[in-house]
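Structure first, then comments.
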Amino acid sequence: MNITENPQNALFTVFGLLDPTEPPKPRGASQRAFRLDSFYVDEYRGVFSCACACGRSEPLLVASDDFRKINRLNHLYACPVCIQEFKSAKTMKDKLEVWLRQNKREIEADQHLHLPKHTEILFDASSGTTIRTRRAVFQAFFEDELASKQFVMTKCNDEFCINPYHLMICRSPAGKITPEMKHDVVVWSSTLGWSNLKIQHQIQLKYGRSVSKRSISNIKRSWQPSDVMKMS
Ligand SMILES: [Zn+2]
Ligand SMILES: [Zn+2]
């Protein structure tokens with residue numbers, strides 16, 4: 001049975017209410033507003049309206065008499081969609097994705113976001129391989145499947161930050177210059193006389209990586225005539 005099917009079922013799943021009374025419709029202005037785990041609760045005469053922060057479910061209505069009897073059947077109070085996701089999340093990656101979806105509207109761009117325990121790599125049970133944490137965050141948050149050529153980098157300078165708003169896609173990871181790339185830079189500049197711009201373009205084409213013109217200059221500067229022989 002799908003727990004989202006029926007609001008009465010939801011009152012059991014979410015609040016542990018076995019035999020809830022039919023709640024009246026909220027009328028007039030909210031008398032009191034407060035937070036209950038994932039819920040924004042508004043109290044009206046005779047009824048509490050509980051709207052999950054994820055924004056994916058209709059608010060749950062609980063009659064005031066019942067509201068006194070609620071208890072946490074699950075780890076937290078949240079809408080049935082959130083609870084179902086929570087229950088089926090097994091790996092750290094699943095749990096992180098669930099959390100991101102549930103807190104999508106709560107994540108703000110103006111501060112860094114950290115995991116309780118930082119990890120660079122997550123296990124992806126669906127593919128049986130690993131995935132970089134930031135890549136998983138970006139894909140889950142923006143609901144965008146990235147191509148293998150697309151890499152996720154941070155825009156902020158906090159090395160532990162995973163705030164999706166502080167991430168960006170780039171075509172290739174910066175940096176890591178391999179011995180083969182160095183070899184090509186030396187050959188292309190010394191033998192073929194190519195400009196740094198042309199070398200940069202060619203590195204991008206051949207290796208799918210972006211290397212700064214400064215790095216290319218540095219490779220050329222540190223070049224010794226015997227290097228080409230050694231690397232060939
Ligand atoms: Zn929810
Ligand atoms: Zn940040």
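The values are calculated or read from the model by the stated rules, or taken from the named source; none is laboratory data. These numbers come from a predicted model, not from an experiment. Here Cβ is always computed from backbone atoms with ideal geometry, including for glycine, and neighbour counts include all displayed protein chains.
What to note about this one:
- Of the criteria (1) in contact with a helix residue (DSSP H, G or I) (Cβ under 9 Å, 6 or more places away or on another chain); (2) within 16 Å of ligand 2 (Cβ to nearest atom); (3) over 17 Å from Ala53 (Cβ atoms), which one Leu100 fails: (3)
- Region 24-39 - residue that is farther than 16 Å from Leu11 by Cα and assigned to a strand (DSSP E or B) and, of those, farthest from ligand 2 (Cβ to nearest atom): Arg32
- Residue within region 50-62 that is more than 15 Å from ligand 1 (Cβ to nearest atom), at pLDDT 95 or above and not assigned by TED's automatic domain parsing to the domain that holds His166 present: yes
- Against the list (1) within 16 Å of ligand 2 (Cβ to nearest atom); (2) without any contact (Cβ under 8 Å) to a residue 24 or more places away in the chain, the condition Arg134 fails is (2).
- Single condition Tyr207 does not satisfy, out of (1) within 30 Å of Asn103 (Cβ to Cβ); (2) aromatic (Phe, Trp, Tyr); (3) modelled with pLDDT under 90: (1)
- A single member of Ser57, Ser88, Ser38 is within 30 Å of Phe123 (Cα to Cα) and touching a strand residue (DSSP E or B) at 6+ places or on another chain (Cβ under 6 Å), and it is Ser38.
- Residues in region 63-84 that are at pLDDT below 90 and under 28 Å from Asn163 (Cβ atoms) were compared, and the one that is farthest from ligand 1 (Cβ to nearest atom) is His75.
- Qualifying positions in region 156-190 - modelled with pLDDT of 90 or more and in a loop (DSSP other than H, G, I, E, B): Phe160, Cys161, Ile162, Asn163
- Cβ-Cβ under 6 Å pairs, at least 6 apart or on other chains, region 94-118 side without any contact (Cβ under 8 Å) to a residue 40 or more places away in the chain, far side in a loop (DSSP other than H, G, I, E, B) and within 16 Å of ligand 1 (Cβ to nearest atom): Lys95/Ala89; Val98/Ala89
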